[in-house]
1. For segment 131-140, in order, what is each residue's ³J(HN,Hα) by Karplus, 6.51 cos²θ - 1.76 cosθ + 1.60 with θ = phi - 60°, in whole Hz (x at glycine and Pro)?
2. Rank the residues 86, 26 as a footprinting-exposure proxy: fewest other Cβ atoms within 10 Å of their Cβ go first.
3. Convert each backbone phi in segment 172-183 into a coupling constant with the Karplus relation 6.51 cos²θ - 1.76 cosθ + 1.60 (shift: θ = phi - 60°), then list the ³J(HN,Hα) values in order as whole Hz, x for Gly and Pro.
4. Given labels modelled 7 Å from the Cα in the Cβ direction, how far is it in nm from residue 67 to residue 51?
5. Apply the Kirkwood formula to segment 20-207: the hydrodynamic radius equals the inverse of the mean of 1/r over all pairs of different alpha-carbon atoms; give it in Å with one decimal.
6. Roughly what % of DSSP beta bridges within segment 20-207 run antiparallel, to the nearest 5?
7. Please give the contour-minus-distance gain from residue 90 to residue 43: 0.36 nm per residue of separation, less the Cα-Cα distance, rounded to one decimal in nm.
8. Mind listing the phi-derived Karplus ³J(HN,Hα) values for segment 43-51, rounded to whole Hz, using 6.51, -1.76 and 1.60 with θ = phi - 60°, and x for any glycine or proline?
Amino acid sequence: MKNIFLVLIALALATTTASAGVGILWLLEYGAYTHDSPDVTQRDTTYALLHNYSVTWQLIYAGADNIANPVDLASPGWVSGDDEVWATRTIPLNGGFAPEDNTEWTIWMTPWTGDRVYRDPAWSDTGYVFQRIYEGTPQEGSWYYESALFAFNPNLDPNGGQQEKFCIDEKSSGIQPDRQILGEPIPEPATLNLLGLGTLALICRKRK
């Protein structure tokens, strides 16, 4: 009886271990357009994002604060706060091969070939992820798209084929970059005046 009980405990632990993990299929289904495209439904490739730019596409963990923190060009992966880049795809102009996960993408940034699932069989915490797509090289003034937060399931067996779908567009309309990367904020005039007075006070103090 004792041996049977121990076997049942071992099976329960094995099942728990196998069911802990993350498997996220992250993709587009309709397409990505440039930031200046007049709409996101027409199929003229003139405004297809990859017809005009290369892209960097990221799957980002929103951290313990469950917030998509601002872009920071000075940080690795261009993330800030406790955000963490889980996966990246760099796709060339006119579409093609993303070497990071061995996937291929059409000019509309829709799937062509390859396994598009991000897997982490060791992850066990609940949380959120989001996607960012950078139009060209990220720099001050350039455009990017940022998705809404997606609550992922940490109780999957990704190596056993379990996954969930995180698609950021619709079946009949795409997405386009709608945010710009901002530089350092410019101080308000009142702040500049205070800074000037502070500098003047320091100069006067040194002269004494």
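1. Values, residue by residue: 10, 10, 10, 9, 7, x, 6, x, 7, 4 Hz.
2. Values: 86 18, 26 25.
By the 10 Å Cβ count, ascending, the order reads 86, 26.
3. For segment 172-183, the Karplus curve yields 10, 7, x, 10, 8, x, 10, 10, 10, 7, 8, x Hz.
4. Result for the modelled spin labels: 4.0 nm.
5. Working: mean 1/r = 0.0545 Å⁻¹.
One decimal place: 18.3 Å for the Kirkwood radius.
6. Details: 32 of 38 bridges.
Once the DSSP bridges in segment 20-207 are tallied, antiparallel ones form about 85 percent.
7. On the way: separation 47, 0.36 × 47 = 16.92 nm, distance 2.30 nm.
Working it through step by step, the gained length comes to 14.6 nm.
8. Coupling constants for segment 43-51: 10, 6, 5, 3, 9, 5, 4, 6, 6 Hz.
All of the numbers you see were taken from the coordinates with simple rules; none came from a lab. Because the structure is predicted, anything quoted here is derived from the model rather than measured. Reconstructed Cβ throughout: ideal geometry from the backbone, glycine too, with neighbour counts over all protein chains shown.
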